[in-house]
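Asker: Quick one: structure below, then a few questions.
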Amino acid sequence: MSRGRIRKALSGFYYVDVDGRTVTCRARGKFRQEGRSPLVGDWVEVKETGEGEGMVWEIEPRRSAFDRPAAANVDQLVAVASLAVPVTDPFLIDRVSAIAALKDCGVVVCVNKCDLAAGEPLAEIYRAAGFPTVCTSAETGKGIPELMELLRGKLSVFTGNSGVGKSSLLNAIQPGFSLQVAEVSQRLGRGKHTTRHVELYRLDCGGEVIDTPGFGSFDAQDLDLELKEHLPESFLEFRPYLDQCRFVGCSHTKEKGCAVLRAVKEGKIPRSRHESYVRLYNELKDVRAWSMPRR
């Protein structure tokens, strides 16, 4: 047996990096029977069956896993936003960060296009909430060294609404990155920079990255019930106040004696973060276990 990490999954094949070699693998049938699938980012045991070929034999325990993109052992989501066109709705960042909290996955907030619109007003919200936050410009290079330092030693997934400059940022971090992705896509005959397959790339700064098409990749309905049950603690800056409310079962939306609402009023919790919490609370309050899709 050989140990390696899955770096690409495509059409039922898994491309596993084993000591610098790529071994093209199929997965054991038992995974399908168990309702499991190997994911990009998985550390696996490979049973080699021929020159450069093998079987994914075992999947090591994961630190985290996402359905879309289908990736495992992600250390952090890099939420790319902008106050230039297109202007990012903070609710998009807040929903993603809440889902990341469920997965015990970190979040970095990157406000891009700061050469076109000052990013500090948005950045300050997330610094106050306790997130590592950086203002960048892929065009001028502003903030790129700081972002690279946040990526070092981590497996990151970049996400953000279309047009905020995810690909431009990746190309600023790793010149040629976008070209590399385009070449892969063209060989598959699926157009430029398609995301129909998931692939993990090494960065020269010492990190690894999986690129994704946008925030919609994390709108997984099967997380809604879990998110409903753990919504207050998924807003990290709420946690110090959750056991200080007057009433047990406080929803932290409008109750008297709510410590979270008091912290918002006192400026200890950003108001926009609480507004996103209430919006999520209202979206999820009618979710029931019986209404969730079976997996």
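The values are calculated or read from the model by the stated rules, or taken from the named source; none is laboratory data. What you see is a predicted model, and the numbers here were worked out from it, not measured in a lab. Don't worry about glycine lacking a Cβ; one is built from the backbone with ideal geometry, like all the others, and counts go over all protein chains shown. Only protein heavy atoms, including side chains, enter the accessible area calculation; ligands, DNA and RNA are left aside. Shrake-Rupley method; radii C 1.70, N 1.55, O 1.52, S 1.80 Å.
Asker: Can you give me the angle between helix 90-102 and the longest principal axis of the chain, using Cα atoms only, in degrees from 0 to 90, rounded to the nearest 10?
Answerer: That works out to roughly 70 degrees.
Asker: Once label points are set 7 Å from the Cα along Cα→Cβ at both F91 and E60, what is their separation, rounded to one decimal in nm?
Answerer: 4.1
Asker: While we're looking at this one, here's another question. Would you calculate a helix-derived [θ] at 222 nm for the chain, using -39,500 (n - 2.57) for each DSSP H run of n ≥ 4 and dividing by the full residue count, to the nearest 500?
Answerer: Rounded to the nearest 500, the figure is -8000 deg cm²/dmol.
Asker: Continuing with the same structure: Each residue of segment 24-33 in order: what ³J(HN,Hα) in whole Hz does its phi give by Karplus 6.51 cos²θ - 1.76 cosθ + 1.60, θ = phi - 60°, with x for Gly and Pro?
Answerer: Values, residue by residue: 7, 10, 9, 9, 4, x, 4, 5, 4, 5 Hz.
Asker: Here's a follow-up. Can you tell me which aspartates and glutamates have their Cα less than 12 Å from the Cα of K228? Leave out same-chain residues fewer than eight positions away.
Answerer: E283, D286
Asker: Full extension from E229 to T49: what is 0.36 nm times the residue separation minus their Cα-Cα distance, to one decimal in nm?
Answerer: Taking 0.36 nm per residue and subtracting the Cα distance, the gain is 60.2 nm.
Asker: What FRET efficiency do you get for E34 and D104 if R0 is 25 Å and r is their Cβ-Cβ distance, rounded to the nearest 0.05?
Answerer: Efficiency, rounded to the nearest 0.05: 0.65.
Asker: Can you give me the accessible area per residue for the chain, using a 1.4 Å probe, in Å²?
Answerer: 49
Asker: On the protein heavy atoms, probe 1.4 angstrom, tell me the percent of accessible surface of the chain carried by carbon and sulfur.
Answerer: Carbon with sulfur: 49 percent of the solvent-accessible area.
Asker: If you don't mind, another one. Across segment 16-161, how many lysine pairs, 8 or more apart or on two chains, come within less than 22 Å at their alpha-carbon atoms?
Answerer: Number of lysine pairs found: 4.
Asker: Under 1.5 on a/c is rounded, so check that first for the chain, then, if it is not, pick prolate when a/b is larger than b/c and oblate when it is not; a ≥ b ≥ c are the square roots of the alpha carbon gyration tensor eigenvalues. Walk me through the numbers on the way to the answer.
Answerer: Numbers: a/c = 2.31, a/b = 1.40, b/c = 1.64.
Oblate shape, in that a/c is at least 1.5 and b/c is the bigger or equal ratio.
Asker: What is the spin-label model distance, in nm, from E283 to T253 if the labels are put 7 Å beyond Cα along the C-beta direction?
Answerer: 1.4
Asker: In addition: If R₀ is 51 angstrom, what is the calculated FRET efficiency for the pair D19 and T140, using the beta carbon separation as r and rounding to 0.05? Display every interim value, and only then the final one.
Answerer: Numbers: r = 40 Å, r/R0 = 0.79.
Plugging the Cβ-Cβ distance into 1/(1 + (r/R0)^6) gives 0.80.
Asker: At a Cα cut-off below 16 Å, give the lysines reachable from K256, other chains included and same-chain residues fewer than 8 away excluded.
Answerer: K265
Asker: S82's amide H: which non-local residues (gap 5+, or another chain) put their own amide H closer than 5 Å, with H modeled 1.01 Å from N in plane and none for Pro or chain starts?
Answerer: T88, N112
Asker: Moving on to the next point. Starting from the amide H of V40, placed 1.01 Å from N in the peptide plane, find each other amide H under 5 Å away whose residue is 5 or more places distant or on another chain.
Answerer: Distant-sequence amide H within range of V40: A72.
Asker: Using only Cα atoms and rounding to the nearest 10 degrees, what angle (0 to 90) does helix 271-284 make with the longest principal axis of the chain?
Answerer: Result, in degrees: 70.
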